[in-house]
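Undergrad: Would you mind keeping the following structure in view while I ask a few things?
The values are calculated or read from the model by the stated rules, or taken from the named source; none is laboratory data. Just so it is clear, the structure is predicted and the values come from calculations on it, not from any experiment. Ideal geometry is used to build each Cβ from the backbone, glycine not excepted, and the neighbour counts take in all protein chains shown. These area figures cover heavy atoms from the full protein model, side chains too; ligands, DNA and RNA do not enter into them. Shrake-Rupley method; radii C 1.70, N 1.55, O 1.52, S 1.80 Å.
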Amino acid sequence: MPMTTIDELFEHNLKDMYGAEQRLLEALDEMTSETIDADARKAFQQHRKETQNQIKRLDRVFKSLDMKAEAQPCPGLEGLIKEKKSLSKEKPSDEILSFYNLHAAQKVERYEITAYEGLIEAAEHLGLDEAVKQLSQNLEEEEATLNKLKALASEYDVEDLRSQEEGEEEEEMATVGGRRRRS
Ligand code: FE
Ligand code: FE
């Protein structure tokens, strides 16, 4: 049957996000185990906890609609996960992979933010107050996570990850307080 109503579209997108959030529990664990930076690991694990709560909020949305909670595969998120994994072909060092994961995770948060914005807009049109409330809480967490990941990436100590001309390193680097800094 052709889809003709925003109600049906909303349900489709809701199942999609329900599948995406569940898939993300696994992806966040994987990124944590690959990442050597302690702050990034902590951020991934904290967001994993939040993701468990987000799934519970989606359960409440299904319940408020008298629907059985049902997950659907989310090809958009699968694509982002596939893209993230494609770096392994380049055999990245642990340090490079840690830095890269902070950006791969930001792409996921941006995807989720756009998905939740669309769901909230539809729920508002449909007068689904409980759904708007639950989905808005999820959106807030995704936005806060994006900002935290952005801060972690911009503060990341990339000094050792920069390519150096031979011999130049000794000339340009000085040891300050046990930490290498550009002189
Ligand atoms: Fe999420
Ligand atoms: Fe998220």
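Undergrad: At 222 nm, what value in deg cm²/dmol follows for the chain if DSSP H runs of at least 4 each add -39500 (n - 2.57) and the sum is divided by all its residues, to the nearest 500?
TA: Numbers: 6 runs with 131 residues, N = 183.
Counting only the DSSP helices, I get -25000 deg cm²/dmol.
Undergrad: Ignoring ligands, DNA and RNA, what percent of the 1.4 Å accessible area of the chain is carbon and sulfur? Each step should come with its number before you reach the end.
TA: Working: 5350 of 10930 Å².
Of all accessible area on the chain, carbon and sulfur atoms account for 49 percent.
Undergrad: I would also like to ask the following. Report the accessible area of D37, computed with a 1.4 Å probe over the heavy atoms of all protein chains in place, in Å² rounded to the nearest 10.
TA: The value for D37 is about 50 Å².
Undergrad: What do you reckon, how do D129, D7, D16 stack up by accessible area (1.4 Å probe), largest on top? It would help to have the intermediate numbers written out before the result.
TA: On the way: D129 120, D7 75, D16 25 Å².
Largest to smallest exposure gives the sequence D129, D7, D16.
Undergrad: So which DSSP H runs in the chain come out at 27 Å plus along the axis (Cα) with average Kyte-Doolittle of at least 1.0? Please list the in-between numbers first.
TA: Details: long enough: 6-34 (40 Å, -0.68); 38-64 (39 Å, -1.59); 94-125 (46 Å, -0.35); 129-155 (39 Å, -0.82).
The answer is none, since no helix passes both cut-offs.
Undergrad: Here's something else I'd like to know. Would you mind working out the accessible area per residue for the chain, using a 1.4 Å probe, and quoting it in Å²?
TA: 60
Undergrad: Compute, for E159, the solvent-accessible surface of its heavy atoms (probe 1.4 Å) with the complete set of protein chains present, and express it in square angstrom to the nearest 10.
TA: Surface open to solvent at E159 totals about 40 Å².
Undergrad: What number, in percent, do you get for the relative contact order of the chain if the mean sequence gap of Cα pairs under 8 Å and at least 6 apart is divided by its residue count? Numbers along the way, then the final one.
TA: Values: 166 pairs, mean separation 45.1, N = 183.
Averaging sequence separation for qualifying contacts and normalising by length gives 25 percent for the chain.
Undergrad: Then there is this: Hey, got a sec? Which trypsin sites (Lys or Arg not before Pro) in region 15-103 land in a DSSP loop and have at most 15 other Cβ atoms within 10 Å?
TA: Details: sites: K15, R23, R41, K42, R48, K49, K56, R57, R60, K63, K68, K82, K84, K85, K89; in loops: K68.
Answer in residue order: K68.
Undergrad: When the convex hull of the Cα atoms of region 1-98 is projected onto a plane and the area is averaged over all directions, what value comes out in nm²? Walk me through the intermediate numbers first.
TA: On the way: hull surface 30.8 nm².
Average projection, Cα convex hull of region 1-98: 7.7 nm².
Undergrad: Taking only Cα atoms and a 10 Å spring cutoff, compute GNM fluctuations for the chain and point out the largest among G19, G127, G118.
TA: For the chain, modelled as a Gaussian network with Cα springs under 10 Å, the answer is G127.
Undergrad: How big is the chain by the Kirkwood estimate over distinct Cα pairs, in Å? Walk me through the intermediate numbers first.
TA: On the way: mean 1/r = 0.0544 Å⁻¹.
18.4 Å is the Kirkwood radius here.
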